[in-house]
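Chemist: Following this message is one structure expressed as structure tokens.
Values in this text are rule-based calculations from the coordinates and carry no lab data. Remember, it's a predicted structure, so these values are computed and weren't measured experimentally. Glycine also receives a Cβ, built like all others from the backbone with ideal geometry; neighbour counts cover every protein chain displayed.
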Amino acid sequence: MPNWQPNWEDVQFDHAAARAAITECDLAAGALDNALAGVDGAVTALTNNGSWYGAYQVEYDIAQQRLRGEFPTTRQALRRLAADIATAATNARTEQTQRESERDRWRREKAAEDQARARHRNIPI
């Protein structure tokens with residue numbers, strides 16, 4: 001028997017859930033862009049035809065500045081999270097492939113040792 005042991009446990013990683021999470025992060029980041037663009041378009045239309053003015057417009061303008069500061073940060077965080085999940089999935093696949101390779105190597109070494117032992121037993125003394 002080889003004097004070392006491979007890791008016999010498979011890597012536990014839900015690749016389907018990872019793909020779903022990446023998709024959701026990307027969709028949410030895109031939705032932030034679309035939401036801000038849609039609101040900007042509506043506000044422009046209302047402002048241009050004189051339908052929107054006064055305290056509510058001022059309140060919105062203040063909120064919009066805050067959103068413009070938060071949306072990019074949130075969007076970047078979502079995209080970074082998606083990238084981190086993709087990296088974790090790649091690392092899990094790489095680790096699983098490495099473990100399987102080491103298991104195969106161990107089996108080859110054990111088979112070679114078994115063959116050598118069998119040959120040794122069949123040699124007349």
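Chemist: Give me the number: length gained by fully extending A83 to R105, i.e. 0.36 nm times residue separation minus the C-alpha to C-alpha distance, one decimal in nm.
Modeler: 4.6 nm
Chemist: Taking every eigenvalue of the Cα gyration tensor of segment 16-107, multiplying by 5 and rooting it, what semi-axes result, largest first, whole Å?
Modeler: 49, 11, 6
Chemist: Taking R0 as 25 Å, what's the FRET efficiency between D61 and A28 from their Cβ-Cβ distance, rounded to 0.05? Provide the component values of the computation, followed by the final result.
Modeler: On the way: r = 25 Å, r/R0 = 1.01.
E between D61 and A28, to the nearest 0.05, is 0.50.
Chemist: Follow-up question, since we're still on this one. Once label points are set 7 Å from the Cα along Cα→Cβ at both E113 and E9, what is their separation, rounded to one decimal in nm?
Modeler: 2.3
Chemist: While we're here: Based on DSSP loop calls and a cut-off of at most 16 other Cβ atoms within 10 Å, the longest stretch of the chain free of exposed chymotrypsin sites (Phe, Trp or Tyr not before Pro) is what?
Modeler: Values: sites that count: W4, W8, F13, W52, Y53.
With chymotrypsin sites (Phe, Trp or Tyr not before Pro) excluded where exposed in loops, the chain gives 54-125 as its longest stretch.
Chemist: Could you check the simple spin-label distance between R19 and T90, using points 7 Å along Cα→Cβ, in nm with one decimal?
Modeler: 1.8
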